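Each reported figure results from applying straightforward, stated rules to the coordinates on display, with no laboratory input. Note that this is a predicted model, so its numbers are computed, not measured. Positions of Cβ are generated from backbone atoms using ideal geometry, with glycine treated the same way; all protein chains shown enter the neighbour counts.
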Amino acid sequence: MSAADELVDVIDDAGNTIGVVTRREMRMNRLPHRCTYVLVFNAHGDLFVHLRTATKDVYRSHWDVCIGGVLAAGETFEQGMLREIHEELGIDGDAQVLFPFRYQDAATFAHGMTYRLVHDGPFHLQAEEIVRGEFVPLPEVLERIKREPFCPDGIQVLEKYLCSIEPRP
């Protein structure tokens with residue numbers, strides 16, 4: 001089955017499932033769906049960023065600061081997070097829950113859950129989704145975001161994460 005034919009839950013504003021459609025239909029009609037976002041850090045605090053393939057259904061050939069993706073129909077956030085880590089990085093890892101996250105733009109309408117994983121690799125990247133990836137110090141990631149195409153939802157996830165860890169005056 002191709003990714004476009006995978007079944008996904010369509011949800012209402014409260015996050016309740018109100019229907020099931022193919023991923024293709026969800027994208028074509030910009031239907032609200034569930035997804036996961038996983039920020040992957042190494043022991044030094046560097047963030048894993050990766051370049052998405054040109055065949056992705058949204059944000060083709062963009063850099064991304066998060067591993068993750070659309071949940072399958074009936075899948076929980078935790079199940080989706082574990083599956084995405086395994087599929088995209090080729091590892092088994094359990095990540096820490098951070099916060100819920102909603103995002104919508106002209107391309108997508110996502111209700112997500114954000115996680116943090118600490119792992120030094122090595123990774124076995126999923127060739128269908130990731131061209132290459134690397135750990136990058138956070139200040140450098142923030143500079144690269146200004147001059148290279150990054151997934152906009154991932155940027156917002158990172159900004160929210162950074163605000164949550166910075167001490168408040």
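Normalised by the number of residues in segment 50-121, the average gap of Cα pairs under 8 Å and 6 or more apart makes the relative contact order 20 percent. In segment 1-55, Cα pairs under 8 Å separated by at least six residues give a relative contact order of 26 percent.
When each of the peptides 84-90, 5-11, 101-107, 62-68 is scored by how many other beta carbons lie within 10 Å of its residues on average, the order from highest to lowest is 62-68, 84-90, 5-11, 101-107.
For E6, what is the net charge nearby, where nearby means another residue's Cβ is under 10 Å from its Cβ and Lys, Arg count +1, Asp, Glu -1? Result for the local shell: +1. Using the Cβ-Cβ distance between L7 and C163 with R0 set to 35 Å, the FRET efficiency works out to roughly 0.50. The structure-derived value of percent of Cα pairs over 25 Å apart appears in the list [x] 55; [y] 27; [z] 43 under the label [y].
Under a 5 Å amide H cut-off, with hydrogens placed 1.01 Å from N, A107 pairs with nothing among residues at least 5 apart or on other chains. Under a model in which nothing but the beta-carbon of Lys, Arg (+1) and Asp, Glu (-1) is charged, segment 1-131 shows a dipole of about 380 debye around its Cα centre. Across segment 1-148, the relative contact order, built from alpha-carbon pairs under 8 Å that are at least six residues apart, equals 28 percent.
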